[in-house]
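A.B. asks: Please find one structure pasted underneath; my questions will follow.
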Amino acid sequence: MSKQKINLNVNGQSVTAEAEPRELLIHVLREQLEITGPHIGCETTHCGACTVEMDGMSVKSCTIFAVQAQGKEITTIEGLGDPDKLHVLQEKFKEHHGLQCGFCTPGMITRAHRLLEENPNPTEEDVRFGIAGNLCRCTGYQNIVKSVMAAAEEINNPESAT
Amino acid sequence: MSATAESVQERRAALKGLGTSRKRVEDARFTQGKGNYVDDIKLPDMLFGDFVRSQHAHARVKSIDTSAAMELPGVIAVLTAKDLEPLNLHWMPTLAGDKQMVLADGKVLFQGQEIAFVIAEDRYIAADAVDLVKVEFEELPVLVDPFKAELPDAPILREDIADEKEGAHGARRHPNHIFTWEQGDKAATESVLSEADVVAEEMVYYHRTHPCPMETCGSVASMDKVNGKLTLWGTFQAPHVVRTVASLLSGIAEHNIRVVSPDIGGGFGNKVGVYPGYVCSIVASIVTGKPVKWVEDRMENLSATAFARDYWMQGKIAATKDGKITGLWCHTTADHGAFDACADPTKYPAGFMSICTGSYDIPTAYLAVDGIYTNKAPGGVAYRCSFRVTEAAYFIERMIEVLAIKLNMDAAELRAKNFIRKDQFPYQSALGWEYDSGDYHTAWEKALESVGYSKLREEQAQRVEDFKAGKTRKLMGIGLCHFTEIVGAGPVKNCDILGMGMFDSCEIRIHPTGSALARLGTISQGQGHATTFAQILATEIGISADDITIEEGDTDTAPYGLGTYGSRSTPVAGAATAMAGRKIRAKAQMIAAYLLEVHDNDIEWEVDRFVVKGAPEKFKTMKEIAYASYNQAIPGVEPGLEAVSYYDPPNMTYPFGAYVCVMDVDVDTGVSDIRQFYALDDCGTRINPMIIEGQVHGGLTEALAIALGQEIAYDELGNIKTGTLMDFFIPTSWETPNYETDFTETPSPHHPIGAKGVGESPNVGGVPAFSNAINDAFRAFGLTHTHMPHDHWRIWKTANELGLHADS
């Protein structure tokens, strides 16, 4: 099958990839661009381990063709913070034990990031509903919800939050 | 001591040792997307493997035509059983003493069985080629019901062993029968049953399910033909065992095989077994001379690797009129699927099912388990459980409820009346276990008080009245559970897997500047070993946990161990860690005495240093001792500061817990709503309370899944009906409640630090608690027992059958 050239912006960098029209964005990210933060957990859009942002929307990159990302801005977990300055969500997940095996974590944090962009002041119910497309088998979600709530609190009240 | 010196308490706190809710060292890489899981491994010229699988549950394979697939550009090879046969790899031994086809050898025995392995340049080409392989089948009658396995017209599944009267676990009475395993005193139990005031009977089915970790199974094999070395990365909960098995199967000497478990995206028992994909990736790499990756997709994971449970447990429980239990009888029909690939210690073909007397002082008991072949996937792994403890706990906790109904007694009171008392430990159970320690009454009373048990019962009674009066359509269930686990396999004299004794290990190196590296024979899959094992060691050797690196999973560097499952890491490898730490301290004491110019016996250990008795200003810290051990000639003492311990535990550990679940159940929709879940766990000494709490949350959520909807279901033709996450229930954040956690602390008397293990307790105790809540909601309307999973449809059906709907 012939390959098509795709130009896209990933985590602030313009990149070029070549993909067959049927190739999934997650495979291009992971195997060509070596962005291995997003993971593959089901390939049927259920688990959310592959969640990335595409032009300001959370998408499951296992059900987006790479060619659909032509000209788009993609943000993955690798684009949210860096070792010297972690994103507040990354900090809060560490602080509140919001992860165990870590496999769902990149997708979960990426999803939570978009959720807080859209709703900076969520209730617990908002968070639980907003991340329900991302499955976790280890944590029972309780500490994930706590982490996201704590991140929202810190974003809103950087002085008072602990 | 000078005024500015840190206090003992401050120094102890600085160690971040036992009892500290230390933040996890693993999280930096995981939160930044820098974990390294098997599918992240990318090697030059790496090829991809993919399976042709059977769509039939039982069929002869008449022919396999690979020619069209081989013509596809980018396809390197297609392996079938014929290609593996000259290497004697078309079958492989299972962990349970049976054998299993690697690739279909003449017939297929379950839907999804591996038939051919396609090797191609990328995963898309491999998938295309899978579709081009033509397999001609001759369908055979299918056996899905284990109770029909020995009927005259039952198809014979395993023709390869049809005539063998003796299996790995004793006599076989039929070609579809695997083993009968008996424990306890049959005659005495039957006599107790016949003479009892009251006998309650029930068939308790613990349905087939699957561990379904977020990451599926996979491997990357790389055969370096120049050096004759095979490297195998994979999702292995027991990497050393995989190395030994790989060596025995392939004929490659064990020192030429390196097995690496990189980061593992959850295991829950799914990654204990050895799967055809691992074997095929190795063969493919040997054949092609290139690295070969195999990673299963979710449907393959759910349908082919490692189911769990599927136990039909017929129970009888005898008691006096006033509720003192006198005997327990259980006959289990165990559906093992097409090959007996259960992950149990060799001598225990039904795992630790014989812990089914639970937390109760039951003087007489008998258990028999019949293993049966059916046309379903092999497995029988311990899904977040220590070898069938979940089945045992579910059985006894349901039987207690059934007995309470028969006696018209409160189920909490019945439990308390029969608990093994604190003064009876160590307790010898009727089915042969020595429970090391426990204080069940204290935990139980704390749990009941915390939830306001009697008030809940009053509210429930009022709800029943309101329901009968037409004021509400919601019933209320109170699910109780007091479970006892048996974990930490195990004493080598009793427990082995494929002949390998189930000890575990730790090797410690103290560096000259006073930091340390410790390596273990276990492997974390999310439990946070790198965090907690450093804490055990910090307390033992007085070096801050932050200065200790923990490594696991690379067989070239880690000491031999049996891996992580059955909550054995803390009971066994955790003990090895403490014992190796004590060896370090013993040598450090000699060095300190020399440096302080006193006799060994004149100094004592204090948090992070040896202090001269009666002269607290004279001391040597572990850091100073470490430096001296490398840089100072000490007469009679070898340079360096290292130790290794291989720990064979004297007994297993017996964590326990008291759980209460309060649910509202909508009679008309079948929807259940968890109002409250209280979980008290006693895991002995608590190493990291934060991690314990996280383990409990996770285990309870897996229990919720199993009890309320998750199942691997087949139709009568052996088609799997729950092969994707659309059909296989995994709770989301939306239906998962917040849990209340609590604890008591009864240290294990034989474990060096008193720890017992906790990761699996919430699954073991959680399932009965959820299920008992559903059953309890309908108790007032005549329900004795209804089978899991309690999804909305089944709950509705129960209500309907009880006549609770207007039209029913």
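A.B. asks: For segment A:1-27, enumerate the residues that are over 22 Å from A:CYS101 (Cα atoms), of a type in the set (Val, Ile, Thr) and either without any contact (Cβ under 8 Å) to a residue 40 or more places away in the chain or surrounded by fewer than 21 Cβ atoms within 10 Å (Cβ to Cβ) (or both). Spell out the reasoning first.
C.D. replies: Step one: list which residues in segment A:1-27 are over 22 Å from A:CYS101 (Cα atoms), which gives A:1-25.
Narrowing further to those that are of a type in the set (Val, Ile, Thr): A:6, A:10, A:15-16.
Matches in segment A:1-27: A:VAL15, A:THR16.
So that you can scan it fast, the table gives a plain yes or no per residue for (1) closer than 21 Å to B:MET46 by Cβ; (2) of a type outside the set (A, V, I, L, M); (3) outside any loop (DSSP other than H, G, I, E, B):
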| site | (1), (2), (3) |
| --- | --- |
| B:LEU249 | no, no, yes |
| B:GLY267 | no, yes, no |
| B:VAL274 | no, no, no |
| B:GLY277 | yes, yes, yes |
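A.B. asks: Still on this model: Residues in segment B:33-43: is at least one in a loop (DSSP other than H, G, I, E, B) and touching a Leu at 6+ places or on another chain (Cβ under 7 Å)? Quick ask: steps written out before the conclusion?
C.D. replies: First pass over segment B:33-43, keeping only residues in a loop (DSSP other than H, G, I, E, B): B:33-36, B:41-43.
So of that shortlist, the ones also touching a Leu at 6+ places or on another chain (Cβ under 7 Å) come out as none.
Checking segment B:33-43: not a single residue is in a loop (DSSP other than H, G, I, E, B) and touching a Leu at 6+ places or on another chain (Cβ under 7 Å).
A.B. asks: Give the residues of segment B:143-152 that are in a loop (DSSP other than H, G, I, E, B) and out of contact with any Pro (no Cβ under 8 Å at 6 or more places or on another chain), sorted by residue number. Spell out the reasoning first.
C.D. replies: From segment B:143-152, those in a loop (DSSP other than H, G, I, E, B) are B:143-145, B:149-152; that's our starting set.
B:VAL144, B:ASP145, B:ALA149, B:GLU150, B:LEU151, B:PRO152 - these are the residues of segment B:143-152 that are in a loop (DSSP other than H, G, I, E, B) and out of contact with any Pro (no Cβ under 8 Å at 6 or more places or on another chain).
A.B. asks: Is it true that some residue in segment B:734-754 is closer than 30 Å to B:LYS148 by Cα, within 11 Å of chain A (Cβ to nearest Cβ) and of a type in the set (A, V, I, L, M, F, W, C)? I'd like the intermediate steps shown before the answer.
C.D. replies: The initial filter retains those residues of segment B:734-754 that are closer than 30 Å to B:LYS148 by Cα, namely none.
Within segment B:734-754 (the criterion being closer than 30 Å to B:LYS148 by Cα, within 11 Å of chain A (Cβ to nearest Cβ) and of a type in the set (A, V, I, L, M, F, W, C)), the answer is no, since none of the residues qualifies.
A.B. asks: Take B:VAL220 and tell me if it is assigned to a strand (DSSP E or B), in contact with a strand residue (DSSP E or B) (Cβ under 8 Å, 6 or more places away or on another chain), touching a residue at least 40 places away in the same chain (Cβ under 8 Å) and within 14 Å of another protein chain (Cβ to nearest Cβ). Lay out the reasoning, then the answer.
C.D. replies: Working: assigned to a strand (DSSP E or B): yes; in contact with a strand residue (DSSP E or B) (Cβ under 8 Å, 6 or more places away or on another chain): yes; touching a residue at least 40 places away in the same chain (Cβ under 8 Å): yes; within 14 Å of another protein chain (Cβ to nearest Cβ): yes.
So B:VAL220 fits the description; yes.
A.B. asks: Let me ask something else. Report yes if A:ILE155 is within 8 Å of chain B (Cβ to nearest Cβ) and either of a type in the set (A, V, I, L, M) or under 22 Å from B:GLN525 (Cα atoms) (or both), otherwise no.
C.D. replies: No; evaluated as a whole, the condition is false for this residue.
A.B. asks: So, of the residues in segment A:127-162 that are modelled with pLDDT under 95 and among the small types (Gly, Ala, Ser), which turns out to be nearest to A:THR51 (Cα to Cα)? Steps first, answer last, please.
C.D. replies: The first filter runs over segment A:127-162 and keeps only residues modelled with pLDDT under 95, leaving A:155-162.
Still in the list and also among the small types (Gly, Ala, Ser): A:160-161.
Working: A:SER160: 31, A:ALA161: 28 Å.
Filtering first and then ranking leaves A:ALA161.
To keep it simple, each residue is scored yes or no on (1) over 30 Å from B:LYS406 (Cβ atoms); (2) away from chain A (no Cβ under 14 Å); (3) crowded, with 23+ Cβ neighbours inside 10 Å; (4) at pLDDT below 95.
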site: B:ALA253; (1), (2), (3), (4): yes, yes, no, no
site: B:VAL259; (1), (2), (3), (4): yes, yes, yes, no
site: B:TYR278; (1), (2), (3), (4): yes, yes, yes, no
site: B:GLY289; (1), (2), (3), (4): yes, yes, no, no
site: B:VAL292; (1), (2), (3), (4): yes, yes, yes, no
site: B:GLU300; (1), (2), (3), (4): yes, no, no, no
site: B:HIS331; (1), (2), (3), (4): no, yes, no, no
site: B:PHE339; (1), (2), (3), (4): yes, yes, yes, no
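A.B. asks: Can you tell me which residue in segment B:363-384 is modelled with the highest pLDDT, limited to those that are in a loop (DSSP other than H, G, I, E, B) and hydrophobic (A, V, I, L, M, F, W, C)? Give the steps one after another, and end with the answer.
C.D. replies: To start, the set of residues in segment B:363-384 that are in a loop (DSSP other than H, G, I, E, B) comprises B:363-364, B:373-378, B:382-384.
Those still in the list that are hydrophobic (A, V, I, L, M, F, W, C) too: B:377, B:382.
Details: B:ALA377: 98, B:ALA382: 93.
Residue satisfying both the conditions and the ranking: B:ALA377.
A.B. asks: Residue check: is B:GLU624 in a helix (DSSP H, G or I) and either within 15 Å of B:ASP742 (Cα to Cα) or more than 14 Å from chain A (Cβ to nearest Cβ) (or both)? Reasoning before the result, please.
C.D. replies: On the way: in a helix (DSSP H, G or I): yes; either within 15 Å of B:ASP742 (Cα to Cα) or more than 14 Å from chain A (Cβ to nearest Cβ) (or both): yes.
Considered against the rule, which asks whether it is in a helix (DSSP H, G or I) and either within 15 Å of B:ASP742 (Cα to Cα) or more than 14 Å from chain A (Cβ to nearest Cβ) (or both), B:GLU624 comes out as yes.
A.B. asks: Could you check, for segment B:656-666, whether at least one of its residues is surrounded by fewer than 21 Cβ atoms within 10 Å (Cβ to Cβ), touching a residue at least 40 places away in the same chain (Cβ under 8 Å), among the charged types (D, E, K, R) and closer than 23 Å to B:GLY452 by Cβ?
C.D. replies: yes
A.B. asks: Filtering segment A:65-76 down to residues that are crowded, with 21+ Cβ neighbours inside 10 Å and over 12 Å from the mean Cα position of the chain (by Cα), which residue is farthest from the other protein chains (Cβ to nearest Cβ)?
C.D. replies: From segment A:65-76, those crowded, with 21+ Cβ neighbours inside 10 Å are A:66, A:69, A:74, A:76; that's our starting set.
From what's left, over 12 Å from the mean Cα position of the chain (by Cα): A:66, A:69.
On the way: A:ALA66: 12, A:ALA69: 17 Å.
Among those that are crowded, with 21+ Cβ neighbours inside 10 Å and over 12 Å from the mean Cα position of the chain (by Cα), it is A:ALA69.
A.B. asks: Within segment A:91-121, restricting attention to residues that are hydrophobic (A, V, I, L, M, F, W, C), within 13 Å of the chain's Cα centre (by Cα) and within 22 Å of B:ASP263 (Cβ to Cβ), which residue is nearest to the other protein chains (Cβ to nearest Cβ)? Break it down into steps so the answer makes sense when it comes.
C.D. replies: From segment A:91-121, those hydrophobic (A, V, I, L, M, F, W, C) are A:93, A:99, A:101, A:103-104, A:108-109, A:112, A:115-116; that's our starting set.
Filter once more, keeping what is within 13 Å of the chain's Cα centre (by Cα): A:103-104, A:108-109, A:112, A:115-116.
Checking which are within 22 Å of B:ASP263 (Cβ to Cβ) leaves us with A:103-104, A:108-109, A:112.
On the way: A:PHE103: 3, A:CYS104: 5, A:MET108: 9, A:ILE109: 7, A:ALA112: 11 Å.
My answer is A:PHE103.
Yes/no per residue for (1) surrounded by 24 or more Cβ atoms within 10 Å (Cβ to Cβ); (2) acidic (Asp, Glu); (3) over 27 Å from the mean Cα position of the chain (by Cα):
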position: B:ASP776; (1), (2), (3): yes, yes, yes
position: B:ARG779; (1), (2), (3): no, no, yes
position: B:TRP793; (1), (2), (3): no, no, yes
position: B:GLU801; (1), (2), (3): no, yes, yes
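A.B. asks: Sticking with this structure for a sec: Quickly run through segment B:26-40 and pick out the residues that are facing chain A (nearest Cβ under 10 Å) and within 26 Å of the chain's Cα centre (by Cα).
C.D. replies: Restricting attention to segment B:26-40, the residues satisfying the condition of being facing chain A (nearest Cβ under 10 Å) are B:26-37, B:39-40.
Within segment B:26-40, B:GLU26, B:ASP27, B:ARG29, B:PHE30, B:THR31, B:GLY35, B:ASN36, B:TYR37, B:ASP39, B:ASP40 meet the criteria.
A.B. asks: On to the next question. Return yes when B:PRO689 is farther than 30 Å from B:HIS207 by Cα, within 14 Å of chain A (Cβ to nearest Cβ), surrounded by fewer than 17 Cβ atoms within 10 Å (Cβ to Cβ) and touching a residue at least 12 places away in the same chain (Cβ under 8 Å) and no when it is not. Step through it out loud before you land on a result.
C.D. replies: Details: farther than 30 Å from B:HIS207 by Cα: yes; within 14 Å of chain A (Cβ to nearest Cβ): yes; surrounded by fewer than 17 Cβ atoms within 10 Å (Cβ to Cβ): yes; touching a residue at least 12 places away in the same chain (Cβ under 8 Å): yes.
Against the criterion (farther than 30 Å from B:HIS207 by Cα, within 14 Å of chain A (Cβ to nearest Cβ), surrounded by fewer than 17 Cβ atoms within 10 Å (Cβ to Cβ) and touching a residue at least 12 places away in the same chain (Cβ under 8 Å)), B:PRO689 qualifies.
A.B. asks: Does A:GLU124 count as within 9 Å of chain B (Cβ to nearest Cβ), under 30 Å from B:THR724 (Cβ atoms) and of a type in the set (Asp, Glu)? Break it down into steps so the answer makes sense when it comes.
C.D. replies: Details: within 9 Å of chain B (Cβ to nearest Cβ): yes; under 30 Å from B:THR724 (Cβ atoms): yes; of a type in the set (Asp, Glu): yes.
So A:GLU124 fits the description; yes.
A.B. asks: Let me ask something else. If you go through segment B:154-171 one residue at a time, how many are part of a loop (DSSP other than H, G, I, E, B) and either in contact (Cβ under 8 Å) with a residue 40 or more places away in the chain or under 20 Å from B:PHE110 (Cβ atoms) (or both)? Steps first, please.
C.D. replies: From segment B:154-171, those part of a loop (DSSP other than H, G, I, E, B) are B:154-158, B:162-165, B:168-169; that's our starting set.
Of the ones still in play, those that are also either in contact (Cβ under 8 Å) with a residue 40 or more places away in the chain or under 20 Å from B:PHE110 (Cβ atoms) (or both) are B:154-158, B:162, B:168-169.
Going through segment B:154-171 one residue at a time, the tally reaches 8.
A.B. asks: What is the residue count in segment B:192-217 for residues that are in a loop (DSSP other than H, G, I, E, B), closer than 30 Å to B:ALA707 by Cα and either in contact with an Asp or Glu (Cβ under 7 Å, 6 or more places away or on another chain) or of a type outside the set (Asp, Glu) (or both)? Break it down stepwise before answering.
C.D. replies: Filtering segment B:192-217 for residues in a loop (DSSP other than H, G, I, E, B) gives B:196-197, B:210-217.
Next, from what is left, pick out any that are closer than 30 Å to B:ALA707 by Cα: B:210-217.
Retained after the next criterion (residues that are either in contact with an Asp or Glu (Cβ under 7 Å, 6 or more places away or on another chain) or of a type outside the set (Asp, Glu) (or both)): B:210-214, B:216-217.
The qualifying residues number 7.
A.B. asks: Among the listed residues B:THR357, B:THR305, which satisfies the condition of being farther than 19 Å from B:GLY218 by Cα and β-branched (Val, Ile, Thr)?
C.D. replies: On the way: B:THR305 fails: farther than 19 Å from B:GLY218 by Cα.
Among B:THR357, B:THR305, only B:THR357 is farther than 19 Å from B:GLY218 by Cα and β-branched (Val, Ile, Thr).
A.B. asks: Could you list, in sequence order, the residues of segment B:753-789 that are among the basic types (Lys, Arg) and assigned to a helix (DSSP H, G or I)? Outline the logic, then answer.
C.D. replies: Within segment B:753-789, the subset among the basic types (Lys, Arg) is B:756, B:779.
Once the filter is applied, which keeps residues that are among the basic types (Lys, Arg) and assigned to a helix (DSSP H, G or I), segment B:753-789 yields only B:ARG779.
A.B. asks: Say we look at segment A:40-58 and pick out the residues that are crowded, with 22+ Cβ neighbours inside 10 Å and either aliphatic (A, V, I, L, M) or farther than 25 Å from A:CYS101 by Cβ (or both); which of these is farthest from the other protein chains (Cβ to nearest Cβ)?
C.D. replies: Within segment A:40-58, the match that is farthest from the other protein chains (Cβ to nearest Cβ) is A:VAL52.
A.B. asks: For segment B:336-361, name all the residues that are in contact with a Gly (Cβ under 7 Å, 6 or more places away or on another chain) and among the aliphatic types (A, V, I, L, M).
C.D. replies: B:ALA341, B:ALA343
A.B. asks: Could you say whether any residue in segment B:225-240 is over 30 Å from B:HIS58 (Cα atoms), within 14 Å of another protein chain (Cβ to nearest Cβ) and outside any strand (DSSP E or B)?
C.D. replies: Checked against the condition, which is being over 30 Å from B:HIS58 (Cα atoms), within 14 Å of another protein chain (Cβ to nearest Cβ) and outside any strand (DSSP E or B), segment B:225-240 yields at least one hit.
A.B. asks: Something else now. Given the criteria buried (at least 20 other Cβ atoms within 10 Å of the Cβ), within 14 Å of chain A (Cβ to nearest Cβ) and not hydroxyl-bearing (Ser, Thr, Tyr), does B:ASP98 qualify? If you could, list the steps in order and put the result at the bottom.
C.D. replies: Working: buried (at least 20 other Cβ atoms within 10 Å of the Cβ): yes; within 14 Å of chain A (Cβ to nearest Cβ): no; not hydroxyl-bearing (Ser, Thr, Tyr): yes.
Against the criterion (buried (at least 20 other Cβ atoms within 10 Å of the Cβ), within 14 Å of chain A (Cβ to nearest Cβ) and not hydroxyl-bearing (Ser, Thr, Tyr)), B:ASP98 does not qualify.
The values are calculated or read from the model by the stated rules, or taken from the named source; none is laboratory data. Small disclaimer: the values here were computed from a predicted structure and weren't measured. Ideal geometry is used to build each Cβ from the backbone, glycine not excepted, and the neighbour counts take in all protein chains shown.
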